[in-house]
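The values are calculated or read from the model by the stated rules, or taken from the named source; none is laboratory data. This structure is a prediction, so every number in the text was calculated from the model and none was measured. So basically every Cβ, Gly included, is an ideal-geometry build from the backbone, and we count neighbours across all protein chains shown.
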Amino acid sequence: MGQLLLSVKNVTKTFGTLNALEDFSIDIEKGAVIGLVGSNGAGKTTLLRLLCGLYRPNIGEVVFIKDGIEKNIDKFREAVGVLPESTGLYHRLTAWENIRYNSRLHGVSDSVSWDRTLRFSKALSISDDLMRHTRGFSRGMRQKTALLRALAHGPEILLLDEPTAGLDVTSARLVRKLVLQLKEEGGTVIYSTHNLSEAEKVCDRIIILHNGQLRFDGSNEDLLIRTETISLEDAYVKLTADDARIKEKEETDGWFAKKWRQMFTRKINYSNVGEDE
């Protein structure tokens, strides 16, 4: 068993009458690459927001463990890298300026941030575009830039919310390849996706969420054995046979969701730079 990094303890998160997560508990070890799988409205994004300290649970707690001591997740925010569903890039800044700004917010020097950015940008085939303004970037290039932004300050854990959604085949493969590289280097990644085949390619542990409840937590092999199936798709269907709930407005368009987007669209105080368009 690896070193324990984060622990979610009996967490329930509600929005009005909806239990987005219900009595949910998991432990996250350092060096793990975990696939967070579920349909729309299953609670995946809510969990990611809890893990980075943006949401607070109604019941239970989320803690990180440092030197054997449990601390509140608020003390761990600077060690988290987040790729949200919406990239939130400043269109008037170059890719590198977007990345550098976020790294400075984390207290990381430009030289350290640049070294990490250059290394990972080569893996994503975007190094030649770092000095371009992001206004004309394609969806794939924006996604890659946002991923570099999440990595540049050297986070201890990386939270990816549907990182390949809407990407072309080549871009999606490059993102998965980078995650595998991080895995080989001992990185800790939570990889949220609704695509089981994608989770199978990059993750060594699968967490299945359905209607805010934990339906499975274990390896791909354990999932097949437990469900007595021969494919992850069959296993998922068997564990989530009850109808998925309708995704309610409180979870996506409420005050907290706006804060989630604002995390990456803060106003810059540089006199020669305007707001995000």
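Quick rundown of the values:
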read-out	value
Qualifying residue in segment 188-205 (condition: touching a helix residue (DSSP H, G or I) at 6+ places or on another chain (Cβ under 9 Å) and farther than 27 Å from Leu21 by Cα)	no
Selection count where residues are surrounded by 23 or more Cβ atoms within 10 Å (Cβ to Cβ) and assigned to a strand (DSSP E or B), scope segment 36-61	2
Residue under evaluation His91, criteria (1) assigned to a loop (DSSP other than H, G, I, E, B); (2) buried (at least 18 other Cβ atoms within 10 Å of the Cβ), criterion not met	(2)
Index of the failed condition, Ser103 passing every other in (1) part of a helix (DSSP H, G or I); (2) more than 20 Å from the chain's Cα centre (by Cα); (3) not β-branched (Val, Ile, Thr)	(2)
Whichever residue in segment 146-170 is out of contact with any strand residue (DSSP E or B) (no Cβ under 9 Å at 6 or more places or on another chain) and over 21 Å from Leu36 (Cβ atoms) and, among such residues, is surrounded by the fewest Cβ atoms within 10 Å (Cβ to Cβ)	Val169
Cβ pairs under 7 Å, 6+ apart, first in segment 35-62 and within 13 Å of Asn19 (Cα to Cα), second of a type in the set (D, E, K, R) and assigned to a strand (DSSP E or B)	Thr46/Lys13; Pro57/Lys13; Asn58/Lys13
Every residue from segment 69-108 that is small (Gly, Ala, Ser) and farther than 21 Å from Gly187 by Cα	Ser86, Gly88, Ala95
In segment 67-105, residue nearest to Met141 (Cα to Cα) [restricted to those that are touching a helix residue (DSSP H, G or I) at 6+ places or on another chain (Cβ under 8 Å) and among the basic types (Lys, Arg)]	Arg92
Members of segment 38-73 that are among the charged types (D, E, K, R) and more than 21 Å from Gln3 (Cβ to Cβ)	Lys44, Arg49, Arg56
Number of the condition not met by Gly212 [criteria: (1) surrounded by 17 or more Cβ atoms within 10 Å (Cβ to Cβ); (2) under 15 Å from the mean Cα position of the chain (by Cα)]	(2)
For Val112: the one exception among (1) surrounded by fewer than 18 Cβ atoms within 10 Å (Cβ to Cβ); (2) among the β-branched types (Val, Ile, Thr); (3) under 25 Å from Glu29 (Cβ atoms)	(3)
Criterion: of a type in the set (A, V, I, L, M, F, W, C) and in a loop (DSSP other than H, G, I, E, B) - qualifying residue of Ile207, Ile230, Ile190	Ile230
Every residue from segment 173-206 that is out of contact with any Phe, Trp or Tyr (no Cβ under 7 Å at 6 or more places or on another chain), under 25 Å from Ile230 (Cβ atoms) and among the hydrophobic types (A, V, I, L, M, F, W, C)	Leu180
Odd one out for Val82, checked against (1) buried (at least 16 other Cβ atoms within 10 Å of the Cβ); (2) out of contact with any Lys or Arg (no Cβ under 7 Å at 6 or more places or on another chain); (3) not in a strand (DSSP E or B)	(3)
Matching residues in segment 236-250 - criterion: being closer than 23 Å to Asp217 by Cα, modelled with pLDDT under 70 and in a helix (DSSP H, G or I)	none
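A quick yes/no check of all residues on (1) surrounded by fewer than 19 Cβ atoms within 10 Å (Cβ to Cβ); (2) touching a Ser or Thr at 6+ places or on another chain (Cβ under 6 Å); (3) over 30 Å from Gly41 (Cα atoms):
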residue	(1), (2), (3)
Leu105	yes, no, yes
Arg139	yes, no, no
Gln143	no, no, no
Lys183	yes, no, no
